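The values are calculated or read from the model by the stated rules, or taken from the named source; none is laboratory data. Owing to the predicted nature of the structure, the values given are computational and were not obtained by experimental measurement. Note that each Cβ is placed from the backbone with ideal geometry, even for glycine, and that neighbours are counted across all protein chains shown.
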Amino acid sequence: MVVRNRLVALLLRLTFFVLLWISYPVYVAGFESVWTAFCTMSVELGTVFLIMVGFELIFNLIDLIRHGIHGVAAGPYMPFALPITVFTVISGIFYFSTLLPNGDAPGGAFGIMLHVVLIAAPLIDWLFLDEKGTCPVFAVITWQIYPILFHIFGYFRTVIWPNDAIYRGNMYALPFLNYLDPFIVWKSIAFFAITLGGACLAVFLNDVLAGKFRPVKIQID
């Protein structure tokens, strides 16, 4: 399932990198400031993913020069890359499911393009370009540190900077995480259920693709 052509992998990763660089400035310009843009999941995780792809390009190119076209391209350490993949995809899904339907999402067409890339690129990179390494199941618990910190910071940001809107007068990075909403507890539970459930699903699928559950063949002499 993994592409065994280092040149193809390099070109795909270069495409992801260029598309992100094109759409990012326009999307960020739609916010009140660069600071408020970095209060959102898309910009935070997209930046981390962009840096990861940049390093992948460097090592992919070195691998291509040293070992030739044929073979699996150099990729990231899976326990590090998989949570970035999962949460970047989730940030894109939140954009299309909560921000865009409200008609107040920043960035216009470039915002849409950015989030299509933030969903498609991590999935393509993980499924078709990365050599799968198994991830410990307990890792999904430590991965939840990011959603927890994001949620806590989102609350205290509105308390510390009550007049510091993120975009177009909106105080909240995600519309459903409105801390004045009487249903915020249930919406918060749903938020963490999505992040934890997505992480568990990703670890399971990754281990399946890595061959962890393949039956062991016993040879009898």
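Just give me the residues in the stretch 1-53 being of a type in the set (A, V, I, L, M), part of a loop (DSSP other than H, G, I, E, B) and within 18 Å of residue 154 (Cβ to Cβ), in sequence order. Hits for the stretch 1-53: nothing passes.
Anything in the stretch 3-28 that is touching a residue at least 24 places away in the same chain (Cβ under 8 Å) and over 20 Å from the mean Cα position of the chain (by Cα)? List them, or say none. The answer is 3, 4, 5, 6, 7. Test residue 145 against the stated conditions and say whether it is farther than 30 Å from residue 73 by Cα and loosely packed, with under 12 Cβ neighbours inside 10 Å. Judged against the criteria, residue 145 is a match.
Of the residues 44, 56, only one is of a type in the set (D, E, K, R), out of contact with any His (no Cβ under 6 Å at 6 or more places or on another chain) and buried (at least 21 other Cβ atoms within 10 Å of the Cβ); which? Criteria check complete, one pass: 56.
Considering every residue within the stretch 82-103, establish whether at least one is buried (at least 20 other Cβ atoms within 10 Å of the Cβ), touching a residue at least 40 places away in the same chain (Cβ under 8 Å) and part of a loop (DSSP other than H, G, I, E, B). Scanning the stretch 82-103, I find no residue that is buried (at least 20 other Cβ atoms within 10 Å of the Cβ), touching a residue at least 40 places away in the same chain (Cβ under 8 Å) and part of a loop (DSSP other than H, G, I, E, B), so the answer is no. When only residues in the stretch 1-35 that are surrounded by fewer than 21 Cβ atoms within 10 Å (Cβ to Cβ) and in contact with a strand residue (DSSP E or B) (Cβ under 7 Å, 6 or more places away or on another chain) count, which is modelled with the highest pLDDT? If we take residues in the stretch 1-35 being surrounded by fewer than 21 Cβ atoms within 10 Å (Cβ to Cβ) and in contact with a strand residue (DSSP E or B) (Cβ under 7 Å, 6 or more places away or on another chain), then 5 is modelled with the highest pLDDT. For first residues located in the stretch 153-165 and surrounded by 13 or more Cβ atoms within 10 Å (Cβ to Cβ), partners that are assigned to a helix (DSSP H, G or I) and charged (D, E, K, R) and lie 6+ apart or on another chain with Cβ distances below 8 Å form the pairs 164/157.
When residue 118 is tested against (1) surrounded by fewer than 22 Cβ atoms within 10 Å (Cβ to Cβ); (2) at pLDDT 90 or above, just one condition goes unmet, and that condition is (1).
If the condition is being touching a Cys at 6+ places or on another chain (Cβ under 7 Å) and either at pLDDT 95 or above or over 30 Å from residue 33 (Cα atoms) (or both), then the stretch 173-206 contributes 203, 206. What about residue 107, is it in contact with a Phe, Trp or Tyr (Cβ under 9 Å, 6 or more places away or on another chain), surrounded by 15 or more Cβ atoms within 10 Å (Cβ to Cβ), at positive phi and of a type outside the set (Lys, Arg)? For residue 107, the condition - in contact with a Phe, Trp or Tyr (Cβ under 9 Å, 6 or more places away or on another chain), surrounded by 15 or more Cβ atoms within 10 Å (Cβ to Cβ), at positive phi and of a type outside the set (Lys, Arg) - is met. Screening the candidates 203, 116, 159, 140 for the property of being in a helix (DSSP H, G or I) and over 19 Å from the mean Cα position of the chain (by Cα) yields one hit, 159.
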